[in-house]
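Data block below; observations after.
The values are calculated or read from the model by the stated rules, or taken from the named source; none is laboratory data. Fair warning: this is a prediction, and the values are worked out from it, not measured in the lab. Counting neighbours? That spans all protein chains shown, and the Cβs are built from the backbone with ideal geometry, glycine included.
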Amino acid sequence: MNARPRSASLRQAQWQPHVLALNAPQGYVPWLTEDGSLTARLKAHSDSFRVQCLHQRTAICLSDEAVAIGMHHRGRVWEREVLLRCDNTPAVFAHTVVPMSATAADWPLFSALGERSLGTTLFGDPLVRRGVLEFARLREGHPLAQRTRAALAANGQAVPDAHILYARRCLYQRRQGTLLVTEVFLPSVLELIKTSKNKR
C-alpha cells in the first residue's frame, strides 16, 4: 500500500530557495552557490575542461520542472544533457530543457551547440536574464539521479546507489523564450577544490 507514494516521492525533488536547506557537505556549497559562470569556475580548477554531449533531442520534461518553464503539465521540450569533465573526470551532469514554443530568435545558438559550453553562451549574451538559483537533494529514485548514474556507468565510473546527489537549477530568459538548466554535482567536484588549493 505504501510502495507507490514512496516511489512517487523519490521521483520528485523539493527545490529550495536557500542552499542551507540541503544540509549538504560544506565542500559542495561554493559550487552550488557560484553566481558567475560554472564553466569558468570549472576551468579555473582544472588543467583541461571538456563538454561531453550525451544527447540533444526532443523529450517529455520532468514533472518537477514543467511548472518552472511555464507548462501546466508535462509536455514535449527540447532536451540537452552533458557531462562537464575536468581533466577527463566527470564533475557535473547538466540537464537543460527548452519549451517547444521557443523560437530560433529566442535561443539562436542552442540547436548548434554540439560540445560547446551552454554556460559560456548564456553569460556572454547581454539579452539573457538569469533567474534565482534553487537547490535540491536528489535521491536515487529521481530521474536525473538515475540518468547521472547511467552516464557515469557508460564512462566506466559509478556513484554509490544510496549516495545523495546535490543539484541546483536556474531559469534563463531571452526575448520570449525560457530555458531551465539543472546541474547535478558529482562527488568528484570536491576533489577539484582540494586540487585548486594545492596549486596555490
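Yes or no: Leu190 assigned to a helix (DSSP H, G or I), in contact with a helix residue (DSSP H, G or I) (Cβ under 7 Å, 6 or more places away or on another chain) and at pLDDT 85 or above? Considered against the rule, which asks whether it is assigned to a helix (DSSP H, G or I), in contact with a helix residue (DSSP H, G or I) (Cβ under 7 Å, 6 or more places away or on another chain) and at pLDDT 85 or above, Leu190 comes out as yes. For the stretch 57-76, the set of residues classified as touching a residue at least 40 places away in the same chain (Cβ under 8 Å), surrounded by fewer than 18 Cβ atoms within 10 Å (Cβ to Cβ) and within 17 Å of Ser101 (Cα to Cα) consists of Thr58, Gly70, listed by residue number. Which pairs do you get when a residue that is at pLDDT 80 or above, found in the stretch 103-117, comes within reach of a residue that is aliphatic (A, V, I, L, M), reach meaning Cβ atoms under 6 angstrom, with the pair 6+ apart or on two chains? Note: pairs meeting the criteria are Glu115/Val51; Ser117/Val51.
When the stretch 1-19 is limited to residues that are part of a helix (DSSP H, G or I), aliphatic (A, V, I, L, M) and at pLDDT below 95, the one that is surrounded by the most Cβ atoms within 10 Å (Cβ to Cβ) turns out to be Leu10.
Taking the criterion of being surrounded by fewer than 21 Cβ atoms within 10 Å (Cβ to Cβ) and more than 27 Å from Val189 (Cα to Cα), the residues of the stretch 77-103 that qualify are Trp78, Pro99, Met100, Ser101, Ala102, Thr103. Mind checking whether some residue in the stretch 148-158 is part of a loop (DSSP other than H, G, I, E, B), of a type in the set (Val, Ile, Thr), within 22 Å of Phe110 (Cα to Cα) and modelled with pLDDT of 90 or more? Among the residues of the stretch 148-158, not one is part of a loop (DSSP other than H, G, I, E, B), of a type in the set (Val, Ile, Thr), within 22 Å of Phe110 (Cα to Cα) and modelled with pLDDT of 90 or more, which makes the answer no.
Kindly indicate whether any position in the stretch 28-41 is under 18 Å from Glu115 (Cα atoms), in contact (Cβ under 8 Å) with a residue 12 or more places away in the chain and touching a strand residue (DSSP E or B) at 6+ places or on another chain (Cβ under 9 Å). The answer is yes; a qualifying residue exists. Tallying residues that are surrounded by 14 or more Cβ atoms within 10 Å (Cβ to Cβ) and outside any strand (DSSP E or B) within the stretch 159-174 yields 3. Taking the listed residues Arg130, Arg137, the one that is under 16 Å from the mean Cα position of the chain (by Cα) and under 16 Å from Cys170 (Cβ atoms) is Arg130, with no other qualifying. Applying a threshold of 6 Å to beta carbon distances and a minimum spacing of six or more residues, or different chains, the list of pairs starting in the stretch 123-138 at a residue that is farther than 18 Å from Glu183 by Cα and ending at one that is among the hydroxyl-bearing types (Ser, Thr, Tyr) and buried (at least 16 other Cβ atoms within 10 Å of the Cβ) reads Val128/Tyr172.
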